[in-house]
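Encoded as structure tokens, the structure appears first; notes follow it.
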Amino acid sequence: MDVLERNGFRFDKGPSLFTLPYLVDELFTLCGEKAEDHFKYQQLKIITNYFWEDGISISTYADKHKTAKEIEKKLGAKQQDILTYLEHSDKIHKLTSSTFLEKSLHKTATWLTKDVVKTIASIGSLGLNDTLHSFNTKYFSEPKLIQLFDRYATYNGSNPYQTPGIMAVIPSLEYSQGAFFPNKGMRSIVDSLVSLAERQGVKFNCNSLIKEIIYDTQNKVTGVSVNNELIEADTVVSNMDVHPTFEKLLPNIATPKRILKQEPSSSALIFYWGINRKFSELDVHNILFSKDYKKEFDGLFESKKIFADPTIYIHISSKIKSDDAPENGENWFVMINVPSATPGTETIDIESTKKLIQQKINSILNTKIEEYIVCEEVLTPNDIETKTSSYAGALYGPSSNSKMAAFLRQPNFSNTIKGLYFCGGSVHPGGGIPLCLLSAKIATRLIPKA
Ligand SMILES: Cc1cc2nc3c(=O)[nH]c(=O)nc-3n(C[C@H](O)[C@H](O)[C@H](O)COP(=O)(O)OP(=O)(O)OC[C@H]3O[C@@H](n4cnc5c(N)ncnc54)[C@H](O)[C@@H]3O)c2cc1C
């Protein structure tokens, strides 16, 4: 959640979509403060504008009835089919969130609750035996609509042609709970939580790379090594990606095979462009769809090559936070999904990929975007890995491309080192801001009270 400032433009470099903001609010409540005194956000009326090469475009709205109406008008699907799909999405959320998102899957107590019995009883209706794509084709016949709902697999960096149909839960987050944007930008999520923690007496040591997690002969954590100094601790919670945590910080413990075998989620190539004009057809979140979604995902996860016609995501925070760009300008965050940078993956040819992206933007928006770019920065999978330690630059830790993925993620505690806990995007329950906050909540609850 870093920030970039150039020529009067401000960019949030990483996450751009904010869902389940109550998970941030409740941290203020826990500390006896009112979230709205420190951290304000607004709900987006238009969630996303979608564009296809044949000139069709639609907007999806916070109001699901309005969305269904728009889809019926533009894509010819029945309003009721869309509402039924979204009801099903809510149903999956209701049935699964307390088991799969709010508890450790690796503690016996989790499996002895009433909620779990209900979830298991309904497993047949959750789409576990379908892929998200095949699940969506049961609801819709219009290819553009299937593509629109297949896209939700990318919210955890997965492949709609492999990830299970239970991922149809993701639209529930947007259409029933809402998509939001913090008034001071995405970075203010971090800034407001840092200030909150400091008011509670938390001390941050920034720019202090942890070299090793230290434990005694009884395999009990004793601290961490930073700058050749031991910082003593009874409890260590790591939100560094668990893959390098094992490989680098625990050099004498074999990395669990389960972790080594997991396929990383997709990564991203991002161009941050300062643009010196406005585009009224665009909003905060915009998607320019690929003509062949299947081939795009084959490239991301099978051949590990960037597809010649990638889906393009354009995020423009200045649409809602006008001081993010000079007057008459816009701050464009232009992203395509690319394969994670596992060993052997081709290096990205940034200039030729940029040309592909610009040609597609020009064709769909009928413009010459290269003429309006006044400044540019680029972020590659290798940059993401270097800056955050995320293995192979994956955006969301391991992908969810198999039915067993949820069970194969690292638990929120270590089985071998007592006092060591894990949270963050590479462990249970998954990547993305809301799930990372939930992982922290689960890990915290597992730590014995002093
Ligand atoms: C480009 C991009 C776009 C995304 N878009 C969205 C989105 O729209 N919505 C959404 O919800 N999620 C999105 N995500 C995912 C989301 O950002 C991540 O899931 C989340 O930030 C992961 O949080 P984390 O705490 O696990 O890891 P991070 O946020 O990566 O934090 C890990 C921290 O640990 C530090 N660190 C690493 N190793 C060490 C060490 N040895 N010693 C000390 N410090 C160390 C790193 O510097 C970093 O600050 C996106 C991610 C990316 C990269």
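Computed from the coordinates by the stated procedures, all read-outs in this text should not be read as laboratory data. Values in this document were obtained by computation on a predicted structure and should not be read as measured data. Heads up, the Cβs are rebuilt from the backbone with ideal geometry, glycines too, and the neighbour counts pull from every protein chain shown.
Charge tally for Lys319 (other residues, Cβ to Cβ under 10 Å; Lys, Arg +1; Asp, Glu -1): -1. Please report the spacing between the Cα centers of segment 232-300 and segment 36-77 in Å, no decimals. For segment 232-300 versus segment 36-77, the Cα centre distance is 25 Å. Shown in residue order for segment 240-252 are the 3J(HN,Hα) couplings computed by the Karplus curve 6.51 cos²θ - 1.76 cosθ + 1.60 at θ = phi - 60°: 5, 3, 5, 4, x, 4, 5, 5, 9, 8, 10, x, 9 Hz (x for Gly and Pro). Compared with the rule-of-thumb size 2.2 N^0.38 Å for a compact globular protein, the chain has a Cα radius of gyration ratio of 0.98. Considering only Gln162, Gln177, Gln200, the Gaussian network model of the chain with Cα springs below 10 Å gives its largest mean-square fluctuation to Gln200.
Largest first, the three principal axis extents of the alpha carbons in segment 60-178 are 49, 27, 24 Å in whole numbers. For segment 89-101, backbone phi angles converted through the Karplus equation (6.51, -1.76, 1.60; θ = phi - 60°) give residue-by-residue couplings of 4, 4, 5, 4, 4, 4, 6, 10, 4, 5, 7, 8, 10 Hz, Gly and Pro being listed as x. If you take all other residues with their beta carbon under 11 Å from the beta carbon of Val221, and give Lys and Arg +1 and Asp and Glu -1, the sum is -1. Over the C-alpha atoms of segment 248-319, the Rg to Rh ratio, Rh being the Kirkwood estimate, stands at 1.16.
Computed across segment 171-249, the Kirkwood hydrodynamic radius from all distinct Cα-Cα pairs reaches 15.7 Å.
The dipole here belongs to the chain: it is taken about the Cα centre, uses +1 on the Cβ of Lys and Arg and -1 on the Cβ of Asp and Glu, and is about 1160 debye. Here each label is just a point 7 Å from Cα along the line to Cβ, and for Asn252 and Lys278 those points are 6.3 nm apart. A dipole drawn for the chain from +1 and -1 charges on Cβ atoms has a positive end, and of Ile373, Thr96, Pro429 the residue lying farthest that way is Thr96.
For the chain, a Gaussian network of Cα nodes joined below 10 Å ranks Trp332, Trp52, Trp273 by mean-square fluctuation, and the top entry is Trp52. Rounded to whole numbers, the Karplus 3J(HN,Hα) couplings from phi for segment 33-47 are 10, 9, 4, 5, 6, 10, 9, 10, 8, 10, 7, 7, 6, 9, 7 Hz, using 6.51 cos²θ - 1.76 cosθ + 1.60 with θ = phi - 60°, and x at Gly and Pro.
Along the charge dipole of the chain, which of Thr108, Leu173, Leu75 sits closest to the positive end, that is, farthest toward it, with unit charges on the beta carbon of Lys, Arg, Asp and Glu (+1, +1, -1, -1)? Of the options given, the answer is Thr108.
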